[in-house]
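Note sheet for the following structure.
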Amino acid sequence: MSERSRSVLETGSNRRRDWNPVAWWRNASELYAKPLFVKDISECFFFHTMDLPGLGTQMGQWDFRGDFDRYVGNISFTGKRVLDIGCGSGFLSFSAERAGAREVVSFDMDDSRRQHWLPFHTKLPYGSPAEFQAQHNKWIQQWRNAYWLAHRLEGSQAKVIYGDVYDFPVAAGQFDVVLVCSILEHLSDPIRALASVTRVAASELVITTPIIDTDDKIARFEGDASKPELDYVWWRYSRGVYTHVLRMLGFEISNISYAMYKCALTSSLSELPTIVAKRSA
Ligand SMILES: C[S@@+](CC[C@H](N)C(=O)[O-])C[C@H]1O[C@@H](n2cnc3c(N)ncnc32)[C@H](O)[C@@H]1O
């Protein structure tokens, strides 16, 4: 590691040298997590490929660099209060800030128990949940570390809430934009999750998730008993389901766009749709 990288890791923000996480925390409500001062990059897991000031490119499972606008449906962030549901290592939160958001709140799970796995009897989450959860919490901590390291180096002002997507705290207030990207397919009950997060969605909702291209109201179960390695993808709903569920929740779909994204994990390009919906009631 270069002297420059070491100094970046051990000191504060690259952009905002006056940033004081302790003072900031004292002023923040108890809703928001206390920032972590992460020094050791080996304790970080980057879900997103990110260019970190002073440290260079960190490879992640997905590379959305240059694709942020398309991934979030080409909406405007200028002056908006934004909620990033399932923020992972934070690429969308930090990109929203760069795109002019007034305030960004990043949200992710507070405990591995929140994540639901397909019930393969041969696998640890089913066979020995307590043992699995302890292991998985260590992994989740690495995702959090990556977020907080990037947060500091980017000079981010984003606040963080940890909790359960099925029970998002309404005390966080209303948001102009709620991003629900690449999370619904990993949930056993995506409709309940949407019902939870739309309670705080005042205006625009962005959903990036695989869909079935029909107005028929159908869902496909994505699990396959011969593929225990894919125990984290549950459902794919049709455009028709989203149209009706969003209408129930007071939203109308204004646009659905499709684009290809780089998946570093599989060294391939994957097509993903992005639904933009606007509050109508
Ligand atoms: C595949 S990542 C998506 C990251 C980012 N939103 C994106 O589009 O690149 C899914 C995220 O959802 C979070 N997540 C999964 N289940 C959750 C739950 N029940 N409550 C809160 N967050 C959850 C995971 O921790 C993870 O960060």
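The values are calculated or read from the model by the stated rules, or taken from the named source; none is laboratory data. The shown structure was predicted, so the numbers you read here are calculated from the model rather than taken from an experiment. Please note: Cβ atoms are built from the backbone with ideal geometry, for glycine as well, and neighbour counts cover all protein chains shown.
When region 52-68 is filtered for residues that are away from the ligand (no atom under 11 Å from the Cβ) and under 10 Å from Phe91 (Cβ atoms), only Arg65 remains. For region 167-203, a residue qualifies if it is farther than 19 Å from His244 by Cβ, touching a Pro at 6+ places or on another chain (Cβ under 9 Å) and more than 8 Å from the ligand (Cβ to nearest atom), and exactly one does: Val200. The sole residue among Thr122, Thr57 that is surrounded by fewer than 21 Cβ atoms within 10 Å (Cβ to Cβ), modelled with pLDDT of 95 or more and either in a strand (DSSP E or B) or in contact with a helix residue (DSSP H, G or I) (Cβ under 7 Å, 6 or more places away or on another chain) (or both) is Thr57.
Quick check, is Asp51 part of a strand (DSSP E or B) and either surrounded by fewer than 18 Cβ atoms within 10 Å (Cβ to Cβ) or at pLDDT below 55 (or both)? The answer is yes for Asp51.
Within region 68-81, the set of residues being of a type outside the set (Ser, Thr, Tyr) and in contact with a Phe, Trp or Tyr (Cβ under 6 Å, 6 or more places away or on another chain) comprises Arg81 only. So for region 107-116 (the condition being in a helix (DSSP H, G or I) and free of Cβ contacts under 8 Å to residues at least 24 places away in the same chain), does at least one residue qualify? The answer is yes; a qualifying residue exists.
The number of residues in region 135-166 being near the ligand (Cβ under 10 Å from one of its atoms) and either in contact with a Lys or Arg (Cβ under 7 Å, 6 or more places away or on another chain) or in a strand (DSSP E or B) (or both) comes to 5. Considering only residues in region 204-245 that are within 16 Å of the ligand (Cβ to nearest atom) and loosely packed, with under 14 Cβ neighbours inside 10 Å, the one that is nearest to Pro273 (Cα to Cα) turns out to be Leu230. Against the list (1) modelled with pLDDT under 95; (2) closer than 19 Å to Arg144 by Cβ; (3) loosely packed, with under 14 Cβ neighbours inside 10 Å, the condition Phe37 fails is (1).
Thr49 passes every criterion in (1) in contact with a Gly (Cβ under 6 Å, 6 or more places away or on another chain); (2) hydroxyl-bearing (Ser, Thr, Tyr); (3) more than 20 Å from Ala259 (Cα to Cα) apart from (3).
Being within 15 Å of the ligand (Cβ to nearest atom), in contact with a helix residue (DSSP H, G or I) (Cβ under 8 Å, 6 or more places away or on another chain) and closer than 27 Å to Ala225 by Cα: is that true of Phe47 here?
Details: within 15 Å of the ligand (Cβ to nearest atom): yes; in contact with a helix residue (DSSP H, G or I) (Cβ under 8 Å, 6 or more places away or on another chain): yes; closer than 27 Å to Ala225 by Cα: yes.
Against the criterion (within 15 Å of the ligand (Cβ to nearest atom), in contact with a helix residue (DSSP H, G or I) (Cβ under 8 Å, 6 or more places away or on another chain) and closer than 27 Å to Ala225 by Cα), Phe47 qualifies.
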